[in-house]
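Asks: Sending over a structure as structure tokens; questions will come in a sec.
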Amino acid sequence: MSGNCSENRAIVIGGGIAGLLTARVLADRFETVTIIERDRYPEESKSRSGVPQCHHVHSLLTKGHRILEQLFPGLTASLMEKGGFKFDWTADFAWLLSVNDVWTPRFPSEINTCICSRNLLEFTIRKHLGNFSGVEFLEDATVTELLTNSDRTAVEGVAVRVGRDRQMELSAQLVVDASGRNSDAPKWLETLGYETPQETKVNSFLGYSSRVYQLPELKARDWKLLYVMPSAPNKPRGGIIYALEDNSWMVTLVGLGKDYPPTEETGFLDFARSLRNEVIYQTIANARPISPIYPYRNSQNRLCHYEKLERMPEKFLVLGDAVCSLNPVYGQGMTLAASNALTLASCLERQEQSRGKGNFEGLSRRFQKEIAKVDRVFWSLSTSDDLRWPTTVGAQPDPITKLMQKYLDRVMKATVEHKSVYKALIEVMQMLKPPTSLFAPHILLKVLQHELKSTLTRKTIDDNFIHHVPKMGPTEP
Ligand SMILES: Cc1cc2nc3c(=O)[nH]c(=O)nc-3n(C[C@H](O)[C@H](O)[C@H](O)COP(=O)(O)OP(=O)(O)OC[C@H]3O[C@@H](n4cnc5c(N)ncnc54)[C@H](O)[C@@H]3O)c2cc1C
């Protein structure tokens, strides 16, 4: 590994999903892209300590899936070869909504993704990335500080600890920090005499406990992902069953407001039994667990405002969870990372057009402002739902958020009767359309019709309806 500054090199700090996607984009513009990763990557699609979230459900939104396929054509096929599933968000997803205890309708659509374990997804992306010339991995290596020019106005490389105690320095024309929620970038900036970014935090104190099971084959199970959603303000427990590539199933129990799901066998099952619906408990009660129960608690939404810094060293960028980490239950983080990577590609393109190749002056601040716009959309979707809980700290819902929450409840209620309303809701959740699309006249009309009808009939929900997951029906007319 050379430290030659004249080399056309970019460095990516952290080789998680955001780091790998960033490296893919940089590979189009740099001769060498070096990903520096603290862990040693496993040979197969196995877990590693740098990403403790790999033990929990990781579903990829359709928008994220499309970006991944755009960056790595053939990725879905590779995932499916290894046992990943093509997944249709309206057909294969059984979802017990938070309102009225209703299951959403099930019918085929083209709102697809691929589902598999996070381990397989990261492994496969890494293999595809390895096919790009100039991409190299420096593993078992921790970035410890940023190296700058003499007046500290521009980053020129990084100091790295390799293994336990070997130190080295590596120079680059551009350094991107993708080191996740616990990024040291604020500390590095402070050491260099820069301001640290302000942070906004919204914490619903959500906890996960997850375990992998082998489930008996069941013809009745025609879904691949099932979600019993918590229901604000007073039913903070939920659960997810998620198909994995090796005929196993991941079960994640969810508790908000510090109602954390236990991590020992009996407590885990009792918690599953206590959900609004017993389907998860019934599914796992006699199933064979094949993993320990893993907890996760560090789930707060945290936004670092790099875009507001008056000074930022040139040639240094921060993205992914290192800037915006979200409550995982909305499944947005990998899509945010993918969107950030695309923003980087377009910023680099514009930079080259306006300043010429190899000139990165002004890029840092421009980039942080651009991704702040992208991240804001993810942030508001994630936090507005967290703000339904009285136990959430960090912000209060403003009148618009409250209005949106109320309208969303009505949209959810209408999904039971109108497939088109459900499809519109799924398109928003999959980040294919903005939330404002739920106010399109044809959706609004159906939502109001449903509201009126249910007020007039005061129809109560049939108990069978709550306890039996609906089978998949025909395509939407
Ligand atoms: C419990 C949980 C469940 C989640 N579920 C979903 C989901 O269903 N869908 C979804 O889209 N997203 C989900 N996410 C979010 C998702 O995992 C992340 O948003 C996404 O993977 C992007 O993360 P990242 O690459 O920015 O950071 P990380 O995944 O944290 O990766 C950072 C990498 O940097 C390395 N590193 C850290 N410091 C250094 C250093 N100094 N030097 C070198 N390397 C370093 C780490 O070892 C790690 O490999 C979930 C997150 C959690 C916590």
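Asks: Are any of the residues in the range 311-325 closer than 27 Å to VAL25 by Cβ, open to solvent by 20 Å² or more (accessible area, probe 1.4 Å) and within 16 Å of the ligand (Cβ to nearest atom)?
Replies: Within the range 311-325, one or more residues are closer than 27 Å to VAL25 by Cβ, open to solvent by 20 Å² or more (accessible area, probe 1.4 Å) and within 16 Å of the ligand (Cβ to nearest atom).
Asks: If we keep just the residues of the range 114-132 that are of a type in the set (Lys, Arg) and within 13 Å of the ligand (Cβ to nearest atom), which is surrounded by the fewest Cβ atoms within 10 Å (Cβ to Cβ)? Walk me through how you get there before you give the answer.
Replies: Quick first cut of the range 114-132, residues of a type in the set (Lys, Arg) only: 118, 126-127.
Cutting the leftovers down to within 13 Å of the ligand (Cβ to nearest atom) gives us 118, 126.
On the way: ARG118: 23, ARG126: 19.
Here the residue is ARG126.
Asks: Let me ask something else about it. Looking at LEU75, LEU96 in this structure, which one is within 21 Å of TYR227 (Cβ to Cβ) and either of a type in the set (Lys, Arg) or open to solvent by less than 20 Å² (accessible area, probe 1.4 Å) (or both)?
Replies: On the way: LEU75 fails: within 21 Å of TYR227 (Cβ to Cβ).
The conditions single out LEU96.
Asks: In the list SER354, SER364, which residue meets the criterion of being hydroxyl-bearing (Ser, Thr, Tyr), over 15 Å from ARG181 (Cβ atoms), surrounded by fewer than 16 Cβ atoms within 10 Å (Cβ to Cβ) and more than 16 Å from the ligand (Cβ to nearest atom)? First the steps, then the outcome.
Replies: Numbers: SER364 fails: surrounded by fewer than 16 Cβ atoms within 10 Å (Cβ to Cβ).
Criteria check complete, one pass: SER354.
Asks: Within the range 64-87, identify whether any single residue is within 9 Å of the ligand (Cβ to nearest atom) and modelled with pLDDT of 95 or more, and answer yes or no. Full working, then the answer.
Replies: Filtering the range 64-87 down to residues within 9 Å of the ligand (Cβ to nearest atom) leaves 64.
When the remaining residues are screened for being modelled with pLDDT of 95 or more, the result is 64.
Within the range 64-87 (the criterion being within 9 Å of the ligand (Cβ to nearest atom) and modelled with pLDDT of 95 or more), the answer is yes, since at least one residue qualifies.
Asks: For the structure I just gave you, tell me whether PRO236 is farther than 22 Å from MET472 by Cα, in contact (Cβ under 8 Å) with a residue 60 or more places away in the chain and out of contact with any Ser or Thr (no Cβ under 6 Å at 6 or more places or on another chain).
Replies: Numbers: farther than 22 Å from MET472 by Cα: yes; in contact (Cβ under 8 Å) with a residue 60 or more places away in the chain: yes; out of contact with any Ser or Thr (no Cβ under 6 Å at 6 or more places or on another chain): yes.
Considered against the rule, which asks whether it is farther than 22 Å from MET472 by Cα, in contact (Cβ under 8 Å) with a residue 60 or more places away in the chain and out of contact with any Ser or Thr (no Cβ under 6 Å at 6 or more places or on another chain), PRO236 comes out as yes.
Asks: Could you check the range 195-219 and list, in sequence order, the residues that are open to solvent by 10 Å² or more (accessible area, probe 1.4 Å), more than 23 Å from LEU79 (Cβ to Cβ) and out of contact with any strand residue (DSSP E or B) (no Cβ under 6 Å at 6 or more places or on another chain)?
Replies: Result: GLU195, THR196, GLN198, PHE205, PRO216, LEU218, LYS219.
Asks: Let me ask you something else. Sort through ASP259, ASP222, ASP246 and tell me the only one that's of a type in the set (Asp, Glu) and either crowded, with 16+ Cβ neighbours inside 10 Å or assigned to a strand (DSSP E or B) (or both). First the steps, then the outcome.
Replies: Details: ASP222 fails: either crowded, with 16+ Cβ neighbours inside 10 Å or assigned to a strand (DSSP E or B) (or both); ASP246 fails: either crowded, with 16+ Cβ neighbours inside 10 Å or assigned to a strand (DSSP E or B) (or both).
That would be ASP259, the only listed residue that is of a type in the set (Asp, Glu) and either crowded, with 16+ Cβ neighbours inside 10 Å or assigned to a strand (DSSP E or B) (or both).
Asks: Report, by residue number, each residue of the range 44-59 that is touching a helix residue (DSSP H, G or I) at 6+ places or on another chain (Cβ under 9 Å), part of a loop (DSSP other than H, G, I, E, B) and more than 6 Å from the ligand (Cβ to nearest atom).
Replies: Passing the criteria: GLU44, SER45, LYS46, SER47, ARG48.
Asks: In addition: Would you be able to tell me the number of residues in the range 225-236 that are surrounded by 20 or more Cβ atoms within 10 Å (Cβ to Cβ) and not in a loop (DSSP other than H, G, I, E, B)?
Replies: Count: 4.
Asks: Kindly indicate the residue of the range 103-140 that is among the acidic types (Asp, Glu) and over 17 Å from the mean Cα position of the chain (by Cα) and also nearest to ALA10 (Cα to Cα) among those meeting that condition.
Replies: Of the residues in the range 103-140, the ones among the acidic types (Asp, Glu) are 110, 122, 136, 139-140.
Next, from what is left, pick out any that are over 17 Å from the mean Cα position of the chain (by Cα): 110, 136, 139-140.
On the way: GLU110: 37, GLU136: 11, GLU139: 16, ASP140: 19 Å.
So the residue we want is GLU136.
Asks: Would you tally the residues in the range 330-342 being open to solvent by less than 30 Å² (accessible area, probe 1.4 Å) and either modelled with pLDDT under 95 or of a type in the set (A, V, I, L, M, F, W, C) (or both)?
Replies: 5
Asks: Is it the case that ARG38 is in contact with a strand residue (DSSP E or B) (Cβ under 6 Å, 6 or more places away or on another chain), open to solvent by 30 Å² or more (accessible area, probe 1.4 Å) and either outside any helix (DSSP H, G or I) or more than 9 Å from the ligand (Cβ to nearest atom) (or both)? Can you show your working first?
Replies: Working: in contact with a strand residue (DSSP E or B) (Cβ under 6 Å, 6 or more places away or on another chain): yes; open to solvent by 30 Å² or more (accessible area, probe 1.4 Å): yes; either outside any helix (DSSP H, G or I) or more than 9 Å from the ligand (Cβ to nearest atom) (or both): yes.
It is true that ARG38 is in contact with a strand residue (DSSP E or B) (Cβ under 6 Å, 6 or more places away or on another chain), open to solvent by 30 Å² or more (accessible area, probe 1.4 Å) and either outside any helix (DSSP H, G or I) or more than 9 Å from the ligand (Cβ to nearest atom) (or both).
Asks: Among the residues of the range 391-410 satisfying the criterion of being within 29 Å of TRP103 (Cβ to Cβ) and aliphatic (A, V, I, L, M), which is most open to solvent (accessible area, probe 1.4 Å)?
Replies: Here is the first cut: in the range 391-410, the residues within 29 Å of TRP103 (Cβ to Cβ) are 391-392, 397, 401-410.
Subset that is aliphatic (A, V, I, L, M): 403-404, 408.
On the way: LEU403: 125, MET404: 55, LEU408: 38 Å².
For the range 391-410, the residue satisfying everything is LEU403.
Asks: While we're here: Step by step: first the residues of the range 300-310, then only those that are in contact with a helix residue (DSSP H, G or I) (Cβ under 6 Å, 6 or more places away or on another chain) and over 14 Å from SER183 (Cα atoms), then the one that is surrounded by the most Cβ atoms within 10 Å (Cβ to Cβ). Which residue is that?
Replies: Looking at the filtered set, the residue picked out is ASN301.
Asks: Regarding the range 449-465, can at least one residue be identified that is surrounded by 13 or more Cβ atoms within 10 Å (Cβ to Cβ) and under 25 Å from PHE205 (Cα atoms)?
Replies: no
The values are calculated or read from the model by the stated rules, or taken from the named source; none is laboratory data. Predicted model, so just to flag it, every value in this text is computed and none were measured. Neighbour counts run over all protein chains shown; Cβ positions are idealised from the backbone, glycine included. We work out accessible area using only protein heavy atoms, side chains counted, and drop any ligands, DNA or RNA first. Shrake-Rupley method; radii C 1.70, N 1.55, O 1.52, S 1.80 Å.
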